[in-house]
Every structure is written in C-alpha cells, then in structure tokens.
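Participant: Here it is, the structure in full.
Only the coordinates and a few stated rules stand behind these numbers; no lab work does. These numbers come from a predicted model, not from an experiment. Every residue, glycine among them, receives a Cβ derived from its backbone with ideal geometry; neighbour counts consider all protein chains shown.
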Amino acid sequence: MRVAVLSAGSWGTAFATVLADAGSEVVLYGRRGAIVDAINARHENPDYLAGLTLPESLRATTDVGQALAGAECLVVSIPAQSLRTNLAQWAPLIGPRTVVVSLMKGIETDTGLRMSEVITQVTGIASERVAVVSGPNLAREVAARRPAASVIACRDETVAEALQDACATPYFRPYTNTDVVGCELGGAVKNVIALAIGLAAGMGLGDNARALLMTRGLAETARLGVVLGAEPLTFAGLAGVGDLIATCASPLSRNRTFGEHLGRGMTVAEATAATSQTAEGVKSSRSILELARRYGVEMPITEVVVAVLNGTATLAEAADMLMARAPKRERYGT
C-alpha cells in the first residue's frame, strides 16, 4: 500500500514507522525542511523522537502534493483544531479512492464534531472510507518498537481489515472495530481525564485520588458515548480503558504533564510553554463539555477541568467540587 502521512510530529512519525516496517511505501509530509532532511539523510526525527532510528525506506517531503500523489491511504496526524483549515487546502489533492485515516484525538471547537466528521464534511468523502486509529499508543514507545496494540475503527469492516494488514508488525498489534463514535470519544475524553490526573499528581493528592479520577472518568466518557450512539463495550477495550490508562499513568503523556504543571501552580500560558507540544485536552475539554450539556450528560470531572483552565476555580476549589457531589449508588454506566 502507498501511504501519505501528514505530518511529521511525534505520533505521525511513529505511525509512519509502523507502516513502513509493515511493508508499505510511506511518504511523510513535514512543514519544516530541517526535519524532512534529517529523516531522509539520517533516518531520525531530532525534534520529536530524538535518538530513535526510523526505517530507511521511510521518505519525507515538504511538498504535500508529492506526498499525496498516488496514495491509496492518507493518514492525518495534526492538531485537531487545525484540521479543517489544512484539510480544505489538501482536499483537491486526495484521490477519488483514497482511504483517509485519522490519528487525531480531539473534538472541534464551536461545532462539537469528531475528527472523522470534520473529514467527511470538508472533503465530501463517504464515511465508509474514513477510519480512525485509537488506543494506548505513546508515540515514543511505538517508534522505539516496544510492544503496543491499537484499534482501527471504520464503518466498513473491509476497509478496517485492509488497514489492519497494512500496519501489523511484530511489535504493533492492530484490532478492528466498526464503532467509530466510541473509539473517537474514548480518545478525545481521555485527554481531559489525563489533565485531571495531572492536576491531582501536581497537587500531591495521592494514588487513591488518581484511581478515583480514572474510574469515574471512564464512567463519564461512556455516558456521553452511549448517548451519541457508541457501543458501551468499546470503552472497556483498547480505545477506552487502555488508552485512558496509558495517557493518565505515563510521564510521556502531554496531557498528564500539562495537568501536573497546573497542579504545581503554573498558569495555563506557563504550562503551554513548558509542555512544548500540543495537549489536545486543553482545547477539546471545552468542546466536550458543550457537547455533554447539549445532550444533558453529567461530566463532573470535565466540568472541573474546564473551570480550572478558564480560571473560574482555584486548585483547592477544584478538589472540593469533585468531593462535594451528592452520594449515589454505583452501577454500570452511571
């Protein structure tokens, strides 16, 4: 399979590595010539995955048209909030039969659309040709070829299976699913929960608090997902609890790291500068909360994260807000 990967950030480069190792012809698009030159000449991405060796077969270019020429598959890995603008420019270059794969884990501000919905809306491509990849995939570990698994979700199971074949390697195990809604929401909301975990870690609230946030965070993710048409069991799999655990527990997680900075007293601007790469949960948290309110779904952890990001709640108030909720019976999906 000939694959174009846009762009050369950490996860885009890591997934391009998987595809190349699996035998696909992969062209990676990057905006910065220095990164492209390093990938082509030294087989490394010094800005995002320093010290890791990339496949010799992986090629990079600053020409998006060259990357997309003849591509059977287009993989998009850019910040969620910039997808619409970039895709509008790229759409005329996408082939009539090209399958589009989203690696992005966010919800668009203002519209509340998932990334696959933005892709179909902007390009006019049928949803059966749009797939998403989600799961516990910390980019540096994947690029280092450490064992990992993921879910490839597409409404057309045949497309999902073809993509599964295209990225199966001894270290990367892909599963298929047709629940695009559940896989995308699991990936988007876990970033918000990871921000909350980071806040708790930064404040020194302890392991019990982090376990509470992860467990109840999964519950509120599933509540929203089911209302939007997701399969409940998706959230018990790799794209749900699997991704949540990796993002909340690892110091490699940008969202957890961002939350830790806030929990130690940094401002949002200071945490943004210190994190250096995009923490999708920061902007998506507001979109997710608006979506939940639109459908009447309670998401108290998301509410608290948004309040801290907006500056309407202090760290002490945030902890009190979570613990002051009325007692209730625990049961699945509540």
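Participant: If you take every DSSP beta bridge whose two residues both sit in the range 2-178, what share of them, in percent to the nearest 5, is antiparallel?
Facilitator: 15 percent
Participant: Could I ask something else about it? On a straight-distance basis, which lysines could pair with residue 190 in a cross-link, Cα separation under 16 angstrom, same-chain partners fewer than 8 positions away excluded?
Facilitator: In chain and number order, the partners are 105, 283.
Participant: Another question, if that's okay. Just to check I understand the Karplus step: with θ = phi - 60° and J = 6.51 cos²θ - 1.76 cosθ + 1.60, what whole-Hz values come out for the range 147-159, glycine and proline as x?
Facilitator: Per residue, the Karplus-derived 3J(HN,Hα) values read x, 8, 9, 8, 10, 9, 10, 7, 4, 9, 5, 5, 5 Hz.
Participant: Let me ask another. Skipping prolines and chain starts, which residues have an amide H placed within reach, meaning under 5 Å, of the one on residue 59, given they are 5 or more residues away or on another chain?
Facilitator: 26, 28
Participant: If amide hydrogens are placed 1.01 Å from N in the peptide plane, which non-local residues have theirs closer than 5 Å to the one on residue 99?
Facilitator: 73, 74
Participant: Still on this structure, please answer the following. State, as an integer percentage, the relative contact order of the range 2-178 based on alpha-carbon contacts under 8 Å between residues 6 or more apart.
Facilitator: Across the range 2-178, relative contact order equals 21 percent.
Participant: Still on this model: Could you let me know the centre-to-centre spacing of the range 27-46 and the range 155-198, using Cα atoms, in angstrom?
Facilitator: So the separation of the two Cα centres works out to 26 Å.
Participant: Have a look at 299, 175, 208 and report the one farthest towards the positive end of the charge dipole of the chain, computed about the Cα centre with Cβ charges (Lys/Arg +1, Asp/Glu -1).
Facilitator: Selected residue: 208.
Participant: Next up: Please turn the phi angles of the range 288-301 into ³J(HN,Hα) values with the Karplus equation 6.51 cos²θ - 1.76 cosθ + 1.60 (θ = phi - 60°), one per residue in order, whole Hz, x for glycine and proline.
Facilitator: Karplus-based 3J(HN,Hα) across the range 288-301 equals 5, 5, 4, 5, 4, 5, 4, 9, x, 9, 6, 9, x, 5 Hz.
Participant: Sticking with this structure for a sec: Nothing charged except the Cβ atoms of Lys and Arg (+1) and of Asp and Glu (-1): what's the magnitude of the dipole of the range 1-102 about its Cα centre? Round to the nearest 20 debye.
Facilitator: 300 debye
Participant: Once amide H atoms are built 1.01 Å from N in the peptide plane, which residues 5 or more positions from residue 150, or in another chain, come under 5 Å H to H?
Facilitator: Placed amide hydrogens put 173, 175 under 5 Å from residue 150.
Participant: Using the Karplus equation 6.51 cos²θ - 1.76 cosθ + 1.60 (θ = phi - 60°), what ³J(HN,Hα) coupling, rounded to whole Hz, does each residue of the range 133-145 give in order, writing x for Gly and Pro?
Facilitator: 10, 8, x, x, 10, 5, 4, 5, 5, 5, 5, 7, 6
Participant: Listing 231, 317 from the residue with the fewest other Cβ atoms within 10 Å to the one with the most, what is the order?
Facilitator: In order of increasing Cβ crowding within 10 Å: 317, 231.
Participant: Let me spell out the model: positive unit charges on the Cβ of Lys and Arg, negative unit charges on the Cβ of Asp and Glu, origin at the Cα centre of the chain. What dipole size does that give, in debye rounded to 20?
Facilitator: 420 debye
Participant: Which is the longest run of the chain containing none of the chymotrypsin sites (Phe, Trp or Tyr not before Pro) found in DSSP loop states (not H, G, I, E, B) with at most 12 other C-beta atoms within 10 Å?
Facilitator: 1-294
Participant: If you don't mind, there's one more thing I want to ask. Below 8 Å, C-alpha to C-alpha, sequence gap of six or more: please give me the relative contact order for the chain in percent.
Facilitator: 15 percent
Participant: OK, next. So which GluC sites (Glu not before Pro) in the range 20-79 pass both tests, a DSSP loop state and at most 11 other Cβ atoms within 10 Å of the Cβ?
Facilitator: Qualifying residues, ordered by number: 56.
Participant: Starting from the range 279-331, pick out the trypsin sites (Lys or Arg not before Pro) whose DSSP state is loop and whose Cβ has at most 12 other Cβ atoms within 10 Å.
Facilitator: 325, 328, 329, 331
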